[in-house]
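Colleague: Dropping the structure in here first, questions after.
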Amino acid sequence: MLWFIILVLGLIVMNLWTIINSLFLYPLRADKQEQTDQKVSLLVPLRNERDNVEGLISSLSSLTYPNLEMLLLDDHSEDGTYEKLLSLTAEDARFTVLQGKELPDGWNGKVNACHQLSEKAEGDYLFFLDADARVVPTVIEKTLGTMRKRKAAMLSGFPFYPNHHFLSHMLVPLQHMVVLLHLPLFIANRTTKPMFTAACGIFIMIERSAYEAVGGHESVKDSLVEDVHLAREVKKNGYRMILANITSSALSYMYESNQETWAGFKKNLYTGIGRSTWMVVFLTLLYATLFVLPGGLAIFGMITGALYLLLPYVLLITFKMYVDARTGHPLWLSFLMPVAGMLLIAMMWASMLVHKRGRTYQWKGRSYQ
């Protein structure tokens, strides 16, 4: 029974840690005295995003920050994205639609698109947003207000994800869980230590002066997780970068199908943990114990009548339900946490094996090492 007691205690500690840690995930809040003297450049790279264009433009058109320019770059789309952008932005002078240059050797496609956008931007702040993102009208005021209050040069956050496919439901919201479980936010949001960093490329606001000082996207030109690596560069150079809870102000239709979810996670997971085999093994054992085992014990306990074996599962549900409540995701997802845990483990190994076998990651018609 010692192993059972240790498991229960471990899950209790996980719950308490997550609750305490979440208190340092700052909400977005506007200044009481709004400042609009600084210009913001909102920058969106797009590649084969025709289906997202209408929703994106509708969302951006409602932004209320007055000192704003919006640059949209079509990165060699093959589905009519560029033409649709021109059509839907023609009557709003805040929008400028650009066509991307050829991808140079050694560059990640999205990183190069962001780099080109930054070169055209005139703002004091650069606000990088993905094409699948939607934001509330006051998101810029809230983001700038939070950055000023926290004296931060960069802010990022993980949005709310309205998923419509099984794999997306299981995997995408886990990004919030991973941050709250693994990243000590008190250190991450209050120091400039690069090792304590997380970021989400869907939503990044950064002071232009800090961006240029660290070398911008060119400093992370070959990265598959450029958001995290850019945040680390910011901290390495002594600037403060914070992670905020943006789920009430931004959402992202991150993946459109189960196949796209699989490809996206496979591309990012192994790189995101430093391409470390030992980390994959460690996280496999950790997640199997904390996330998968409680589900198996619950089933066994119900079959045999040993209902005390349901306690680890109840504690696991409590943990996941708290995270989902904080981030606006459906609470029923918590009951499937053992399934999500198994899928996350499988994705880590699939992502690692692509690299180990010398193959390339495929994303939006491009190949990456």
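The values are calculated or read from the model by the stated rules, or taken from the named source; none is laboratory data. Quantities reported herein were computed from a predicted structural model and do not represent experimental measurements. Methodologically, a virtual Cβ is constructed for each residue, glycine included, from the backbone with ideal geometry; neighbour enumeration extends over all protein chains shown. Just so you know, the surface numbers come from the protein's heavy atoms only, side chains and all, with ligands and any DNA or RNA stripped out. Shrake-Rupley method; radii C 1.70, N 1.55, O 1.52, S 1.80 Å.
Colleague: So which residues in the stretch 262-289 are among the hydroxyl-bearing types (Ser, Thr, Tyr), under 24 Å from Asp222 (Cβ atoms) and surrounded by 15 or more Cβ atoms within 10 Å (Cβ to Cβ), if there are any at all?
Modeller: Tyr270, Thr271
Colleague: All but one of (1) open to solvent by less than 60 Å² (accessible area, probe 1.4 Å); (2) in contact (Cβ under 8 Å) with a residue 40 or more places away in the chain; (3) of a type outside the set (Gly, Ala, Ser); (4) in a loop (DSSP other than H, G, I, E, B) hold for Asp92; state the number of the condition that does not hold.
Modeller: Evaluating Asp92 over (1) open to solvent by less than 60 Å² (accessible area, probe 1.4 Å); (2) in contact (Cβ under 8 Å) with a residue 40 or more places away in the chain; (3) of a type outside the set (Gly, Ala, Ser); (4) in a loop (DSSP other than H, G, I, E, B) leaves (2) as the failure.
Colleague: Another question, if that's okay. Just for the stretch 24-33: of the residues that are open to solvent by 20 Å² or more (accessible area, probe 1.4 Å) and either of a type in the set (S, T, N, Q) or not in a loop (DSSP other than H, G, I, E, B) (or both), which one is nearest to Ala188 (Cα to Cα)?
Modeller: Pro27
Colleague: Scan the stretch 212-265 residue by residue and report those that are in contact (Cβ under 8 Å) with a residue 40 or more places away in the chain, small (Gly, Ala, Ser) and in a helix (DSSP H, G or I).
Modeller: If the condition is that a residue be in contact (Cβ under 8 Å) with a residue 40 or more places away in the chain, small (Gly, Ala, Ser) and in a helix (DSSP H, G or I), then Gly216, Ala231, Ala263, Gly264 are the ones that fit.
Colleague: How about the stretch 47-69: which of its residues are out of contact with any helix residue (DSSP H, G or I) (no Cβ under 8 Å at 6 or more places or on another chain) and in a helix (DSSP H, G or I)?
Modeller: Asp51, Asn52, Gly55, Leu56, Ser58, Ser59, Leu60, Ser61
Colleague: Still on this model: Right, Val292: farther than 30 Å from Val135 by Cβ, of a type in the set (A, V, I, L, M), touching a residue at least 12 places away in the same chain (Cβ under 8 Å) and open to solvent by 40 Å² or more (accessible area, probe 1.4 Å) or not?
Modeller: no
Colleague: Condition test on Val44, is it touching a Leu at 6+ places or on another chain (Cβ under 6 Å), assigned to a strand (DSSP E or B), within 23 Å of Leu251 (Cβ to Cβ) and not aromatic (Phe, Trp, Tyr)?
Modeller: Judged against the criteria, Val44 is a match.
Colleague: Can you find even one residue in the stretch 2-23 that is buried (at least 16 other Cβ atoms within 10 Å of the Cβ), under 25 Å from the mean Cα position of the chain (by Cα) and not in a helix (DSSP H, G or I)?
Modeller: No.
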